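What follows is a single structure, written as structure tokens, with notes after it.
The numbers here are math on the coordinates, done by the rules we state, and not lab data. Fair warning: this is a prediction, and the values are worked out from it, not measured in the lab. Methodologically, a virtual Cβ is constructed for each residue, glycine included, from the backbone with ideal geometry; neighbour enumeration extends over all protein chains shown.
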């Protein structure tokens, strides 16, 4: 048995495993009822004709140990594209095996290979293990920025003529 994670591009056959990890992440983030999407929707979003995101899988001994889901962004200040890391999740039993580091390193490599100047993401303010993990890898915590969101009825009302 090898505990070295192998990172590979996700395939349509990985949709169920990725969805299960998304549910695992939602449970960890204390929001298990917030996952509304299905593996079929995820498959279409990642691999369909109008795919909007990409994913990579970390495997240990052939088993999915973690994943990262990301998509292209644009920085007006840089006048260049970047990558947005939507989710990075590692099953608890693999958290000491370097899986998260391998995933983050892989995403940094994709960012650099594509000529993008930045890789960005958010983490919950109470998630000290994640914040410490990202700080250990040199990430800057940008306290002055706040995430804003419109959804549901509020989004619909604002969009109304």
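Cβ separations smaller than 7 Å between residues 6+ apart or across chains give the following pairs from the range 45-58 residues that are touching a residue at least 12 places away in the same chain (Cβ under 8 Å) to residues that are in a loop (DSSP other than H, G, I, E, B) and surrounded by fewer than 17 Cβ atoms within 10 Å (Cβ to Cβ): 46/53.
Checking residue 29 against (1) over 17 Å from residue 121 (Cα atoms); (2) in contact (Cβ under 8 Å) with a residue 12 or more places away in the chain, only one condition comes out false. Which one? Only one criterion in (1) over 17 Å from residue 121 (Cα atoms); (2) in contact (Cβ under 8 Å) with a residue 12 or more places away in the chain is unmet by residue 29, namely (1). Restricting to the range 106-123, give me the number of residues that are loosely packed, with under 13 Cβ neighbours inside 10 Å and either over 23 Å from residue 75 (Cβ atoms) or free of Cβ contacts under 8 Å to residues at least 12 places away in the same chain (or both). Residues that pass the stated criteria total 3. For the range 59-82, the tally of residues that are part of a strand (DSSP E or B), exposed (fewer than 15 other Cβ atoms within 10 Å of the Cβ) and over 15 Å from the mean Cα position of the chain (by Cα) stands at 4.
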